[in-house]
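Engineer: Sharing a structure below in structure tokens format, with a few things to ask.
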């Protein structure tokens with residue numbers, strides 16, 4: 001490198017550090033990449049090329065679109081570097097680039113081809129993947145973050161921009177495109193493109209700092225997106241900014257600190273209102289661990305959950321208890337725990353408390369770190385509880401890193417920006433509602449509207465229309481209910497509609513596409529994975545699947561006796577929980593483990609993975625019936641019912657049968673259900689006769705849990721009771737004949 005080039009690099013490096021406080025890590029990976037290297041980076045702003053020029057040890061050739069190279073604004077910078085002008089529509093450009101790299105050269109290319117206008121990844125072109133494959137070049141991925149918020153980005157009017165945002169650049173370990181030799185032509189091009197897409201997701205994932213805590217991450221978000229940016233609103237129409245959330249959390253924490261101990265597990269019994277996030281972050285500030293309690297579960301289950309998590313204190317609200325008619329529940333809990341009402345805490349707020357909180361909120365990071373309470377990223381951040389379908393609820397302990405890693409994974413697919421409004425009616429005691437519907441948008445600068453119940457099928461569509469919400473998370477059951485009552489224009493503002501927590505049925509997808517023009521993106525997750533494991537996105541979507549595995553995760557399929565297609569889905573990654581708390585071993589965290597070692601978690605779901613990596617969930621392991629020695633999927637039974645009677649809710653359960661061990665009962669909202677229509681559809685679709693139910697139960701409404709999942713426990717009890725009654729009647733009739 002000539003001394004002149006070195007001086008120019010040094011000049012730009014000093015200038016950029018001074019203005020944008022640029023931090024660069026992973027430079028050692030540059031030397032490990034070798035000589036023939038294709039350097040790829042996400043395209044965030046007009047600064048990207050300059051950043052790479054200033055910090056890369058050598059000056060590589062920059063591959064750039066011919067039309068962009070001709071623009072006057074780029075002329076000054078382009079005079080410093082060697083250019084390889086490309087025409088995306090000309091295959092000869094790709095061949096020339098391959099030939100150039102084969103000379104053991106280094107080149108920089110932006111696979112998106114254009115600067116982002118969303119703050120997230122744009123479309124990834126096939127060319128760069130093909131170039132890497134054909135040239136056998138090593139790929140050096142570089143993640144640029146922060147520049148998308150600068151005045152030199154294309155985000156003006158689309159999100160928060162400022163003059164001098166902090167910029168980071170992470171150089172990841174080098175990788176190679178690896179494709180099976182038998183793949184050729186179009187299939188090989190697709191495989192190369194898919195691998196490059198995954199590398200670009202890895203860039204976005206790596207650019208977010210997971211080595212921190214939830215409270216620290218919110219402080220960083222407030223600086224990044226503006227302290228006075230509106231980020232919370234509830235049904236009372238009270239709006240909170242980052243500053244107000246942090247201030248109120250610190251104020252409330254001063255009162256809670258007197259009533260509790262460091263690292264104590266604290267119960268939260270509240271609906272989706274602003275008080276809940278304030279309480280949640282108040283506990284985070286003083287190193288207490290929130291245990292999110294399901295107020296719809298009943299006193300016995302809540303009591304069991306609290307015993308499991310060794311909860312001594314529960315915070316709730318008198319107004320909530322009265323409005324929800326939970327006086328008996330509160331009274332029962334008061335016999336066993338210290339129940340504290342938020343309204344009563346106000347009496348302890350005086351002028352000194354307010355002034356102290358105000359002072360701390362001016363520099364929350366300093367005062368948070370000063371306490372040295374729960375500032376370890378790998379410490380417990382929250383305790384959630386399983387639904388209890390396997391008996392007594394288990395406590396799921398998620399660390400700060402678990403939750404932040406899952407946010408870093410999900411933001412590769414669903415972008416949360418300051419211009420977004422997330423409508424969240426899913427309860428915050430559920431991982432889908434807490435993490436995807438609340439914490440993730442909060443970290444991404446999006447505004448969250450909290451609504452207390454997902455069951456208001458007429459009100460929610462109208463509110464989404466009024467608010468102009470852009471992101472909506474829900475379950476299949478709820479999406480079907482909203483579609484039934486909503487006006488075709490109510491969901492016009494939505495950019496993302498994401499379904500999770502239960503299987504998304506074809507009739508639900510179709511009505512949303514026909515009536516609202518929205519393609520629902522199906523995802524899959526479990527509480528133990530913080531919760532997202534896979535999700536479809538706008539660029540990579542395969543109907544009927546739950547998308548591809550999140551970045552930095554591994555999985556394998558564990559065979560199950562009696563099931564030919566698929567098996568238990570077992571996963572591992574930074575988002576997998578610390579472990580379970582169980583009632584018989586209170587206070588002891590039991591880390592997940594399988595035959596492959598600690599850290600692997602068996603989801604209990606039967607899944608299949610295709611050659612492109614898309615995951616199809618075939619059903620819960622416990623959602624299979626064994627009939628005459630054959631394993632039959634109850635989910636498949638419900639699919640058959642959906643095809644036969646679309647836009648109606650159905651649920652299949654298995655009950656004891658004297659002859660075949662088990663029999664399938666279909667509980668449906670279809671009036672006068674008969675077996676023949678199901679038989680006809682099964683024949684037409686070439687489906688197995690085993691999935692045709694033997695017995696039917698009509699109900700006005702299929703019961704659902706507060707999380708939106710079908711309440712199979714209640715349905716199984718209903719079917720078992722009817723089965724017992726009919727068996728007794730039949731036995732009595734036979735006795736009379738004898």
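Where a number appears in this text, it was derived from the coordinates with a stated rule and is not lab data. The structure presented is a predicted model; accordingly, all values stated were derived computationally and were not measured. As a convention, Cβ positions derive from the backbone with ideal geometry for all residues, glycine included, and neighbour counts pool all protein chains shown.
Engineer: Before anything else, pin down the relative contact order of the stretch 98-233: Cα pairs under 8 Å, at least 6 apart, normalised by residue count, whole percent.
Structural biologist: 25 percent
Engineer: Same structure, new question: With everything on Cα atoms, drop me the angle between helix 126-135 and the longest principal axis of the chain, reported from 0 to 90° to the nearest 10.
Structural biologist: Roughly 60 degrees between the two axes.
Engineer: Also, quick follow-up: When only alpha-carbon atoms are used, what values of Rg and Dmax, in angstrom, describe the stretch 3-206?
Structural biologist: When restricted to Cα atoms, the stretch 3-206 yields Rg and Dmax of 16.4, 52 Å.
Engineer: Would you mind estimating how fast the stretch 321-368 diffuses translationally, via Stokes-Einstein at 20 °C and 1.002 mPa s with the Kirkwood radius over Cα pairs, in µm²/s?
Structural biologist: 158 µm²/s
Engineer: By how many degrees, 0 to 90 and rounded to 10, does the Cα axis of helix 91-101 deviate from the longest principal axis of the chain?
Structural biologist: Between the helix axis and the principal axis of the chain, the angle is about 70 degrees.
Engineer: Restricting things to alpha carbons, tell me how big the stretch 505-559 is in terms of Rg and Dmax, in Å.
Structural biologist: Rg then Dmax for the stretch 505-559, in Å: 13.2, 41.
Engineer: Go through 375-382, 637-644 and give me the packing order, highest mean Cβ count within 10 Å leading.
Structural biologist: Sorting 375-382, 637-644 by mean packing, highest first, produces 637-644, 375-382.
Engineer: How big is the gap, in Å, between the Cα center of the stretch 570-615 and the Cα center of the stretch 344-368?
Structural biologist: Each part's Cα centre sits 40 Å from the other's.
Engineer: Expressed as a fraction of 2.2 N^0.38 Å, the rule-of-thumb size for a compact globular protein of N residues, what is the C-alpha radius of gyration of the chain?
Structural biologist: After normalising by residue count via 2.2 N^0.38 Å, the value is 1.03.
Engineer: List, largest first, the extents of the alpha carbons of the stretch 457-505 along their principal axes, each in whole Å.
Structural biologist: Result, largest extent first: 28, 20, 14 Å.
Engineer: Run the helix sum for the chain: -39,500 (n - 2.57) per DSSP H stretch of 4+ residues, divided by residue count, reported at 222 nm to the nearest 500 deg cm²/dmol.
Structural biologist: When only DSSP H runs of four or more count, the value is -10500 deg cm²/dmol.
Engineer: Against the 2.2 N^0.38 Å scaling, with N counting residues, where does the stretch 146-195 land? I'd like the Cα-based Rg ratio to two decimal places.
Structural biologist: Working it through for the stretch 146-195, the quotient is 1.91.
Engineer: I would also like to ask the following. Just order 500-510, 550-560 by mean Cβ neighbour count inside 10 Å, highest at the front, would you?
Structural biologist: 500-510, 550-560
Engineer: Using DSSP, restrict attention to beta bridges with both residues in the chain and report what percent are antiparallel, rounded to the nearest 5.
Structural biologist: 50 percent
Engineer: Hey, if you drop one equal point scatterer on each alpha-carbon of the stretch 1-61 and run the Debye formula without solvent, what base-10 log of I(q)/I(0) do you get at q = 0.16 Å⁻¹?
Structural biologist: The Debye formula, applied to the Cα set alone, gives -0.56.
Engineer: Taking neighbour counts of Cβ atoms within 10 Å as a proxy for exposure, in what order, fewest first, do 237, 13, 114 appear?
Structural biologist: 237, 114, 13
Engineer: Tell me the angle of helix 634-644 to the major Cα principal axis of the chain, expressed in degrees between 0 and 90 and rounded to the nearest ten.
Structural biologist: 90 degrees
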